[in-house]
Structure formats: structure tokens, C-alpha cells
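I have placed the structure first, in the form of C-alpha cells, so that the comments after it can refer back to it.
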Amino acid sequence: MKKDVRILLVGEPKVGKTSLIMSLVSEEFPEEVPLRAEEITIPADVTPEKVPTHIVDYSEAEQTEEQLHNEISKANVICIVYAVNSKNSIDKVTSRWIPLINDRTDKDSRMPLILVGNKSDLVEHSSMEAILPIMNQYTEIETCVEMKPACIKALTRIFKISDQDNDGILNDAELNFFQRTCFNTPLAPQALEDVKNVVRKNMSDGVADNGLTLKGFLFLHTLFIQRGRHETTWTVLRRFGYDDDLELTHEYLFPMLKIPPDCTTELNHHAYLFLQSIFDKHDLDRDCALSPDELKDLFKVFPYMPWGPDVNNTVCTNDKGWVTYQGYICQWTLTTYLDVQRCLEYLGYLGYSILREQESQAAAVTVTRDKKLDLQKKQTQRNVFQCNLIGMKNCGKTGILQGFLGRNLAKQREMKEEHKSLYAINTTYVYGQEKYLLLHEVLSDSEFITASDTVCDVVCLVYDVSNPRSFDYCTRIFKQHFIDSKTPCIVVAAKSDLHEAKQDHSISPIDFCNKHKMPPPQSYTCNSVGTPSKDFFVKVTTIAMYPHARLRCLCTCNRCTFCICQNFLNSDLLQSVKTKFFTAVLNRLKDRVDEVGAMLLANDEGSLVHQVHAVSFVEDSIFMESSGARSLRNEDRHIAQADLKTSTFWLRASLGATVFAVLGFAVYKALLKQR
């Protein structure tokens, strides 16, 4: 190991050799640059390798060729400096400097050379295309120090993520957050001013409104690299997920997330707040919708455009066809539900884990419990439910999808076929709770559907009322896949505005539904003047949420007091309780009848007449009132009647309490909705 290292900087005049050295010493670019910097010695204790380092400048204006040859012979490393904005200085690397150095050094032990591309802040392109052939030709060139385009691209993304208000400037709060995120410590107010002053002195547009612009941010990192403080820039790049090749790592984009079978994935409350902040950041005109330019700006931190034109037919848009805030949130919900790994990747590009100070973006996702447990417990905490629309081709499935998004038939005709979507997602309200309903159109080019097409929370068997062969397809699908399934099914009579044709099937749709204990066929049409009704979708969501209840409410709203009462009174739970209650009452009466009969038989043993009287007495004890209490039979009659009255009282009390509870719950929900 050498006791010390001597570094010589050579290059054409005005390429910035002296500025680099003086910037290293003063930590800022000097306003006045001398023709040549004095030799600088860096002590061992402040160098990475703990070796004293001497930095020597060469000036053609002040030094002779002999002095240059002498410095070359004494140097351990030579840096050939060129200006990235000067083709002449790049050409001189091979035409002058490398041959000159090789002529003055031992051929058996070539001097290690480092090419330094200076003034990279003055151009938007890289000179690496011109430098790489030189590096390949001369093996003595160890490396080339220049901020690569990939580095600039990565730092630009980091700037946009850190610019939380999207004004193109990093203010003091944003700079402090950036500093704390990357280096675990904030900057003191004076240190912040010092940083901005360094940029001001060297770039006229590096600071604006007392904040750091993108050019100023890139300049700072160029300065770090030129001063040899690569570790500062690499620390920033590593914190934002980049590897040695300046690519986002797989571990950063796709953190571990275990999803057991029969479980679904949803965004949690913190994720929705984050996505709301991203939307607000880019909705510059505050119209609660993202224009094409605003959407493009939002996705600038992505390496590609993640949303295609089909998204506009998957979620709600405004009159201009721009994705609304509700549509934006729904699209994220859909991505999380259908492809959670893609959602994690997208959140990674947006910097979720950094801005929310989480270990990874997996913290944004909730994995729901097994659907079997929901069915056992007869309740669910899930917020997203999938409904598959199954029916023969052209039966009206697409109309239902687009009608769910508020588009009538006239608006649907404006949709381009190549931009068609097989999904539609929107919010519905069930008993005052906001839920997401995801509709999926199952393609039906054949008589069969795949097993994956049957995996959902509720199935809509869609038939065209004007096509006599349409319903038969639904019955075949039902018998093949759903007759023994726990997935609830609804028959939908689509295009209900058209003339209804008799269906070519052995039984009518309504009789088919009654036979298989399904709600009657639900009529639907999107051929309306205004926005199609959403009542049908509320009912679909309700059935998806409560598949065990087998709700049969035929009201259009499914939210009124009548509906709540009817659903409760017709629910399996209440029917079970009612059956058990009546069974207990009848068993008690039967036991009492047996006791009275036994007493009569004991008093008049062997008498057929007495047995007949006993039967008559039992009938009287149940259905007639007693007017006396003189005999044993009259006393027993009183006892039996008292038991019957007691049982009847508790039956009436229980039913009264049930009705009171239901009405009270309905009033509470109505008041809550008004609030």
C-alpha cells in the first residue's frame, strides 16, 4: 500500500479543472477562478482509505511542457477533465492527452486514468455515447465520472416525490423532510440557507421563491459527485429504492405480502388518504377530475403509463371523459382487488413507504379473512364485492356495466370498441355503509365458462327479454356451475324496455327462480333519458354482503324501513329463533297435558268412561275457560289454563319486543342518515 496518493488534473483550458479543485476546498463554486490552483494536501484521517492525498492542478498558461512531464512522472493517478458541452475537449482526450501521458510513462505499468466529464449541468444530454468507445479502446482508463442520464432520471423522480405540493420547488419543509428521510436528521435553518446560497451563486434558476428547483437539486448532486462525495448521492438513491444499476429493486417494488386462499385484498384507510393527497397534488384546476395532462403529470414518476384508455370505461368520468376523484379511487380499489402485486408496484413508484414513513407499501393493503369464516359468522368486514355477469353474447351485459357508471344507452354508443372494458367498479350504499361493487363481464363465445369465472360473491344470470333463446343459456349455466354452489345468483331481465318475448324453456323465468329459491327476475334497462337507476346494484351488493340471509325484498330501494323489517323478519336467523320458540311452547303444553291425563287415569283407573272424560277434560283445559274450582278436575283445568296463558303471554311479549327492536333500529338508521 502506498504511503500517499498524488492525483494530477489535466485537460484543455476552460474545462473547469481549477473550479473542481477549489469547489472541493471551499464547498462552493468560486466567483473568481485563478489560472491554476495551488497543490492541495488532504490529511489521511479525512480520506476514505486513510491515505494522505495530494491534488495537483495543471495550467497550460502558467506551466511549461517540461513541468507537465515532471508532474506526470510523479503522479499516481491522472484525471483527464473535459467539458461535456465541448466536443473539442472530448476529441483532445484521444488526440492529445492519452498519447502524451502514455509517452511519458512505463509501457509495462500504464498510469491509471480517470475521465471527468465537467459542466454536466449546462446540457440535458450525456456525453457517455462519445466516451464509451474511448474507454473500450484504452484499457488504462479506469472509469469515467459523469452524472449518467439514468441518475438524472432517478433524481428527477425523487424530486417529484419530495415536492409534495407539486409547485416545482422544494420549500424548507420539503427539504427538511427529504433530509430526515435520507439522513435521519433535519437541517438547521442556517444550513438550509447555506445550501440555497451555494446553488444561487452557481445557477441563476436553481432557487425560486426561496426554494430549490429541479435544476438546483440536480446541480447539488452534480456538485457532490464532482467533489468525490458519491456516497451522499448513493444514500439518497438507495433510500428511494435504487440499486447499483439505477433501477428500482424488486424488493422495493414487490414487498412480501402473504395472501391465504379465499382471502381478498383491499386498501386500508391510510392508503386512501395517501391516494387522496396524490390526487389533490395533481388536480391543479380543482375540478375533482384529472385532465389528460394532469394524469400524465401524476404518472411521470412511473417508467411507463399504467392506465390505458379502457380505464375511462371502467370507472366514473365527468362530461369531458376525464377520470373523476371517485373514479380514480375506484380504479385503485379494482387494481388492489384483482392484482395486488401490481398495486404494490404502483405505490412504490409513488413513494408510498417514504412519504408515509412505512417499512414498505405492503402496509397499505388489508388482507381480508377467509370467506368461509364470513359465511360461518354470517357477517363480513369486507368492503369490495365482485359480481360476475354471465349470459349469452349480446344479451345486455355491457349495458349493465356502463349503466352502473351512470351512462345511458346514448352515451354507450359513443364508446369505441377498442376501448371497451370487461370491468366496471363504483360505490353503492347498503344500510348506510359505502361499499365497492365490482362488475365483471364474462365472455360467452361458447356454451361453457371456466372455473375462474365462477369465483365471485354474487352471480347475475343475464338474459335478453326480446330474445326467446336467451334465458335457456342462463339455465344451463346455472345447472352446470351454481345449482349446488353457495354463491348467490340473481336472474336479470335485461333490455326490459323492449317487447318481452316468450322464452324457449320448459318453465318461465319467474317459475325457475321460485323453484330454485332465488329472488324473482330483476328487470334492467339502460335505455333511459338520464342516468340509469342504481337501485338494482344496491340489491346486488346487499345479496353479496349477506349471502346467508337469502333476502327477498322486492322494493326498489332496499334501504327503507319496510325493507329492513321485511329482511329481518324473513331472515334465516329469525325464522330459526321463531321455530325453536314455538317448539318449546308446544312441548311445554304437551308435557302438561300428559300430566293431567295421568292424574285422571290414576283416579279412575280402568274406566273407559273416565278416559273419555279425561280426553274431553284436556280439550276443555286448552280451549275453554273454567267457571268453578270445586273439584280436582276444575283445579287441574285452572293449572293447565294458567300455564297456557303464561306461555301465550311470553310468546306475545317476545314478538312485541322483536317488533319494537326492529322499529327502533329502523328509526335509528333513518336519523343517522339524516345526520
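Applying a DSSP loop filter and a limit of 13 other Cβ atoms within 10 Å to the GluC sites (Glu not before Pro) in the range 370-447 leaves E414, E447. Across the range 206-251, the volume of the C-alpha convex hull divided among the residues equals 89 Å³ per residue. For the range 208-300, relative contact order (Cα pairs under 8 Å, six or more residues apart, normalised by length) works out to 10 percent.
Ligands, DNA and RNA are left out, and with a 1.4 angstrom probe the accessible area of the range 256-345 is 47 Å² per residue.
For the set M22, M305, solvent exposure ranked by accessible area (probe 1.4 Å, protein chains only) runs largest to smallest as M305, M22.
Taking only protein heavy atoms and a 1.4 Å probe, the accessible area of the range 419-463 is 57% carbon and sulfur.
One way to sum up the overall shape of the range 1-112 is the equivalent ellipsoid from its Cα gyration tensor, whose semi-axes run 21, 20, 12 Å, largest first.
Computed in the context of the full set of protein chains, the accessible area of the range 316-382 at 1.4 Å probe radius has 44% of its extent on carbon or sulfur. Taking each of K393/K495; K397/K479; K397/K502; K372/K517; K300/K416 in turn, the alpha-carbon distance tops 18 angstrom for K397/K479; K397/K502; K372/K517; K300/K416.
Taking all C-alpha pairs of the range 305-369, those more than 20 Å from each other amount to 35 percent.
The distance from the alpha carbon centre of the range 501-538 to that of the range 348-382 is 35 Å, rounded to a whole number. The residues of the range 407-465 expose on average 47 square angstrom of accessible surface per residue, using a 1.4 Å probe on protein heavy atoms.
The values are calculated or read from the model by the stated rules, or taken from the named source; none is laboratory data. Since this is a predicted model, take the numbers as computed values, not measurements. When we count neighbours, we look across all protein chains shown, and the Cβ atoms used for this are built from the backbone with ideal geometry, even at glycine. With ligands, DNA and RNA removed, areas are computed over all heavy atoms of the protein, side chains included. Shrake-Rupley method; radii C 1.70, N 1.55, O 1.52, S 1.80 Å.
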